[in-house]
Amino acid sequence: MPADATAGYDAVVLAGGAARRLGGADKPGVRVGGRALLDRVLAACATARTTVVVADPRPTARPVTWVREDPPGGGPLAALDAGLPHTTADQVVVLSADLPFLGADTVRQLLATLGTSGADGVLLTDPGGRDQPLVAAYRARRLRQVIARLGTEHGGVTGLPLRLLTGQLSLTRVSDPVASFDCDTWADIATARSRIREHGHVLDEWISAVKDELGIDLEVDTGVLLDLARDAAHGVARPAAPLTTFLVGYAAAQAGGGHEAVADAARKAAALAVRWEQEASEAGAVGPDVAPDATPDTRPDAG
């Protein structure tokens, strides 16, 4: 992909719908895999230069810009019209807030495809081949042009269907039945919660949920920490595994935090666990009264 294909994009997340098929529940706040749906979407577009969420403000895992369409509940086109003025990038990712399986890789793919195509936008399609215009990357200038024209023609965009916008754009389509899965009903929520625990990434999901809950943004090398926990459990004692990883985290925090601090503390603890196990092995290989590195004392006065 071109070096600048995903550089300098903004994101607009639409999170103010009525969720009628959920009985009016607070859909962006519904948790899947321990995380609010909105926070899952925000994680997928975390590299956006500016992220605008069109909804009433709420606590989120990372800072965003909050706006609301006027009047509230004016539909996705009105919400997009409210969010776009707060963006400045040439490319804008437009997302709904109910996408439990959307990841950063998909966002990068949308942007990269847009960067190498002559289209006005790139959107995902669902398993039935239906367009998902709220899982898409667009050229911001074209969005503004078409929305302004629709507003002039219809005396505003409140209540207008999104298809009036997409019908005037040249679009490239990418099939992704997983990332395009959205949660419109409680059955969809149940399916998502089940699939989170079945799709082979349970540990990654758990780590992400813990980071969100603790309010930390840190790339965790799970392989290093799991190896450390294994070495501590095997070479010392089983309870040493969680205690050692806790101490590694504490040491990293004392050192200023960050990925490198965690990695450095983990390396030191792993080396200690190896030395500990070697020492125990050596102690078991010799008699109880002779140190493993002892040599005879040949001094004349040795007695």
Residue list for segment 31-86, filter: more than 19 Å from R193 (Cβ to Cβ), without any contact (Cβ under 8 Å) to a residue 24 or more places away in the chain and in a strand (DSSP E or B): T65, W66, V67
Residue in segment 103-113 that is surrounded by 15 or more Cβ atoms within 10 Å (Cβ to Cβ) and in a loop (DSSP other than H, G, I, E, B) present: yes
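Okay, residues lined up against (1) assigned to a helix (DSSP H, G or I); (2) open to solvent by less than 80 Å² (accessible area, probe 1.4 Å); (3) modelled with pLDDT of 85 or more; (4) among the hydrophobic types (A, V, I, L, M, F, W, C):
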residue	(1), (2), (3), (4)
L165	yes, yes, yes, yes
F181	no, yes, yes, yes
D188	yes, yes, yes, no
F246	yes, no, yes, yes
Yes/no for T88 being buried (at least 16 other Cβ atoms within 10 Å of the Cβ) and of a type in the set (S, T, N, Q): no
Positions within segment 190-204 being under 25 Å from L123 (Cα atoms), of a type outside the set (S, T, N, Q) and at pLDDT 80 or above, in sequence order: A192, R193, R195, I196
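The values are calculated or read from the model by the stated rules, or taken from the named source; none is laboratory data. This structure is a prediction, so every number in the text was calculated from the model and none was measured. We place every Cβ from the backbone using ideal geometry, glycine too, and count neighbours over all the protein chains shown. Side chains included, ligands, DNA and RNA excluded: accessible areas come from the protein's heavy atoms. Shrake-Rupley method; radii C 1.70, N 1.55, O 1.52, S 1.80 Å.
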